[in-house]
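Structure first, commentary second.
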Amino acid sequence: MSVRRLADDNVQPQSFAFNEANSAWAAETIKKYPAGRQQSAVIPLLMRAQEQDGWVTRAAIEKIADMLEMPYIRVLEVATFYTQFQIKPVGTRAHVQVCGTTPCMLRGAEDLIAVCKKKIHHDPLHTNESGTLSWEEVECQGACVNAPMVVIFKDTYEDLTPTQLEYIIDRFEAGKGGDVTPGPQIDRVHSAPAGGPVTLTTDTPAHRFADRAETPAPAAAPAPVAAAPAPAPAAPVAPAAKAEAKPSLDDPNRPAAVEKPATLDDLKMISGVGPVMEAKLNDLGIYTFAQIAKWTEREIAWVDGYLAFRGRILRDDWIKQADALARGGEEEYVRVFGKKPR
């Protein structure tokens, strides 16, 4: 952890005051704590001061200390300990905090730092020429499974490549950071395994825990009983319901096939399509993104039933993905989804 010191006096404002709305909020926040324990509000008040001015100034530290009846040094200790508090001016549009702890470093954090040096400033905690961007390396941000990652304001951006981070920085620099969806930037739900579920995917779960059933204790020997009368004939058992029939290849709802083109689209760029599924689609004469993008609801249902995809086409939104890839390739996909196709 590097030493954190307040900004030089020549950039420090002379005074600090919460605006009217934040003053009311601060008063209510302090009331949440029992008498004599108001100092517990120091972190939320510092955070609100930073959100108001963009960074935590010396004047803000002293003002909050007065409000909470704390020695200045105690509030200074809090502000300089936690890297969530910016104690020097940072980028007005984005301050990129790159996690440099072991899991992220092993997964490419150094490459992300190189991007920041190239696109923002060679040194951490220095803004670019326009004052809109800055960066720093910080300790663990708690998303180790999705390493490497960065934090911008209150959001995390995970599973990053250098190219993806360049794109994210460019969007914030353009004032369009809201176009980028926070969280994993690959085919992953939160911190679940990448690529979707691979176990417990059956729709008939009755067998899953059959092997866990306890072995019943041996039954006691039955007492002798008189012979029972012959049982009545058992009622006929109804035949088991047949599995739903697989759609016919001659079904009019089957998507139109095309001759194999000289150059095939890489259908695996669609999230949810792997090598096996791509081969099955090719066997049906489906080779291009444009074909998939034009599927109707009936055609989607036919493919889903014929290949037993169990709703994957709609769940992973193949049509929207294929449409973006057909219209502009990877660049259009990134523009629509805020991340590169896998």
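Applying the selection to the range 82-116, what residues are free of Cβ contacts under 8 Å to residues at least 40 places away in the same chain and closer than 21 Å to Ala7 by Cα?
Within the range 82-116, Tyr82, Gln84, Phe85, Gln86 qualify.
Yes or no: Arg315 closer than 21 Å to Asp251 by Cα and exposed (fewer than 14 other Cβ atoms within 10 Å of the Cβ)?
When the stated conditions are applied, Arg315 does not pass them.
Out of Gly131, Gly178, Gly142, which single residue is of a type in the set (Gly, Ala, Ser) and either outside any loop (DSSP other than H, G, I, E, B) or at pLDDT 95 or above (or both)?
Checking each option against the conditions leaves just Gly178.
Restrict the check to the range 44-54 and report whether at least one residue is within 19 Å of Leu125 (Cα to Cα), in a loop (DSSP other than H, G, I, E, B), at pLDDT below 95 and not assigned by TED's automatic domain parsing to the domain that holds Glu173.
Yes: the range 44-54 contains one or more residues that are within 19 Å of Leu125 (Cα to Cα), in a loop (DSSP other than H, G, I, E, B), at pLDDT below 95 and not assigned by TED's automatic domain parsing to the domain that holds Glu173.
I'd like the residue in the range 257-290 that is touching a helix residue (DSSP H, G or I) at 6+ places or on another chain (Cβ under 9 Å), outside any loop (DSSP other than H, G, I, E, B) and of a type in the set (A, V, I, L, M) and, out of all such residues, is surrounded by the fewest Cβ atoms within 10 Å (Cβ to Cβ).
Ala290
Tell me the residue from Ala35, Ala7, Ala79, Ala17 that is in a helix (DSSP H, G or I) and either at negative phi or in contact with a helix residue (DSSP H, G or I) (Cβ under 7 Å, 6 or more places away or on another chain) (or both), please.
Just one listed residue meets the conditions, Ala79.
Results for (1) of a type outside the set (Phe, Trp, Tyr); (2) touching a residue at least 24 places away in the same chain (Cβ under 8 Å); (3) on the phi < 0 side of the Ramachandran plot, shown as yes or no for each residue.
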site: His121; (1), (2), (3): yes, no, yes
site: Leu125; (1), (2), (3): yes, yes, no
site: Asn128; (1), (2), (3): yes, yes, yes
site: Ser134; (1), (2), (3): yes, yes, yes
site: Glu139; (1), (2), (3): yes, yes, yes
site: Ala143; (1), (2), (3): yes, yes, yes
site: Asn146; (1), (2), (3): yes, yes, yes
site: Met149; (1), (2), (3): yes, yes, yes
site: Thr156; (1), (2), (3): yes, yes, yes
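Between Val115, Val96, which is part of a strand (DSSP E or B) and at pLDDT 95 or above?
Sole residue among the options that is part of a strand (DSSP E or B) and at pLDDT 95 or above: Val96.
Okay, residues lined up against (1) surrounded by fewer than 17 Cβ atoms within 10 Å (Cβ to Cβ); (2) closer than 15 Å to Phe337 by Cβ; (3) in the same structural domain as Cys140 (by TED's automatic domain parsing):
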| site | (1), (2), (3) |
| --- | --- |
| Ile152 | no, no, yes |
| Asp155 | yes, no, yes |
| Gly177 | no, no, yes |
| Ala192 | yes, no, no |
| Thr202 | yes, no, no |
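Could you check, for the range 324-336, whether at least one of its residues is part of a loop (DSSP other than H, G, I, E, B) and either under 27 Å from the mean Cα position of the chain (by Cα) or crowded, with 19+ Cβ neighbours inside 10 Å (or both)?
No - not one qualifying residue is present in the range 324-336.
Restricting to the range 99-112, name every residue that is among the charged types (D, E, K, R), in contact with a Pro (Cβ under 7 Å, 6 or more places away or on another chain) and in a helix (DSSP H, G or I).
Listed by number, the list holds a single entry, Asp111.
The values are calculated or read from the model by the stated rules, or taken from the named source; none is laboratory data. A quick note: this is a predicted structure, and the numbers were derived from the prediction, not measured. Please note: Cβ atoms are built from the backbone with ideal geometry, for glycine as well, and neighbour counts cover all protein chains shown.
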